[in-house]
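Single-structure report; data block below.
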Amino acid sequence: MKPEISVDDGLIEKVLRELEDELVEKVYSKDMLHSAHARSIISKVNVKKEKEEIKRDITKAFVVSSWTQRIYFVVRSVIMTILGAIITLAVFWELGKINVIEDFILGISTYVICLGLTRLFDSRIVNLSHGILGYLGGHTKLRDFILKYF
């Protein structure tokens with residue numbers, strides 16, 4: 001089961017109008033030698049079919065964007081968890097034990113450090129997310145499970 005995305009029809013219509021205006025501008029540009037050529041090109045263009053294809057492409061882009069954001073969140077959370085665990089383990093290893101106030105300070109500082117480190121590698125995490133989505137393309141059940149529950 002793929003995630004359902006509600007797409008605002010107004011947005012789609014605005015994009016379609018812009019694309020149609022661009023098409024008309026190209027057809028009636030100075031590069032055209034005769035108006036007969038422009039009429040023949042417009043008569044060959046199936047606007048309704050193209051609208052449906054464009055709507056499908058826009059919806060696909062929204063779905064892929066949503067999937068990428070979800071996978072990105074999962075990957076970044078896992079990286080932050082692992083980094084946080086390593087930092088906490090190192091502090092406990094060095095100090096032996098800590099009290100509640102030190103634990104609070106450690107937790108907040110660990111979170112901020114992990115957040116900063118993952119931000120430094122943001123583009124790599126996005127690339128990793130795209131790679132994971134590419135891998136999950138052949139494993140639809142696993143992909144749907146991850147996207148639905150995480």
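Restricting the search to the stretch 81-102, which residues are over 32 Å from the mean Cα position of the chain (by Cα), of a type outside the set (A, V, I, L, M) and under 29 Å from residue 125 (Cα atoms)?
Here is the first cut: in the stretch 81-102, the residues over 32 Å from the mean Cα position of the chain (by Cα) are 89-102.
Among the residues that remain, those that are also of a type outside the set (A, V, I, L, M) are: 92-94, 96-97, 99, 102.
Result: 92, single match.
For the stretch 90-143, which residues satisfy the criterion of being surrounded by 11 or more Cβ atoms within 10 Å (Cβ to Cβ), β-branched (Val, Ile, Thr) and farther than 16 Å from residue 74 by Cβ?
Listed by number, the residues that qualify are 91, 98, 105, 110, 113, 140.
May I ask you to verify whether residue 133 is of a type outside the set (Phe, Trp, Tyr) and modelled with pLDDT of 85 or more? Break it down into steps so the answer makes sense when it comes.
Details: of a type outside the set (Phe, Trp, Tyr): yes; modelled with pLDDT of 85 or more: no.
So residue 133 fails the test.
Pairs, please: C-beta under 6 Å, at least 6 apart or cross-chain, first residue closer than 14 Å to residue 118 by Cβ and in the stretch 84-96, second in a helix (DSSP H, G or I)?
These pairs meet every condition: 84/110; 84/114; 87/110.
Just to be sure I understand the filter: pairs with C-beta atoms under 8 Å, separated by 6 or more residues or on different chains, first member in the stretch 120-139 and in contact (Cβ under 8 Å) with a residue 24 or more places away in the chain and among the small types (Gly, Ala, Ser), second member part of a helix (DSSP H, G or I) and surrounded by 16 or more Cβ atoms within 10 Å (Cβ to Cβ). Which pairs pass?
Taking only residues 6 or more apart or on different chains, the pairs are 129/71; 129/72; 129/75.
Just wondering, is there one or more residues in the stretch 65-77 that are in a helix (DSSP H, G or I), among the aliphatic types (A, V, I, L, M) and surrounded by fewer than 14 Cβ atoms within 10 Å (Cβ to Cβ)?
Here is the first cut: in the stretch 65-77, the ones in a helix (DSSP H, G or I) are 65-77.
In the following step, the residues that additionally are among the aliphatic types (A, V, I, L, M) were identified as 71, 74-75.
Retained after the next criterion (residues that are surrounded by fewer than 14 Cβ atoms within 10 Å (Cβ to Cβ)): none.
Looking through the stretch 65-77, none of the residues is in a helix (DSSP H, G or I), among the aliphatic types (A, V, I, L, M) and surrounded by fewer than 14 Cβ atoms within 10 Å (Cβ to Cβ).
The values are calculated or read from the model by the stated rules, or taken from the named source; none is laboratory data. Just so you know, these numbers come straight off a predicted model, no measurement behind them. Note that we place each Cβ from the backbone using ideal geometry, even for glycine, and neighbour counts take in every protein chain shown.
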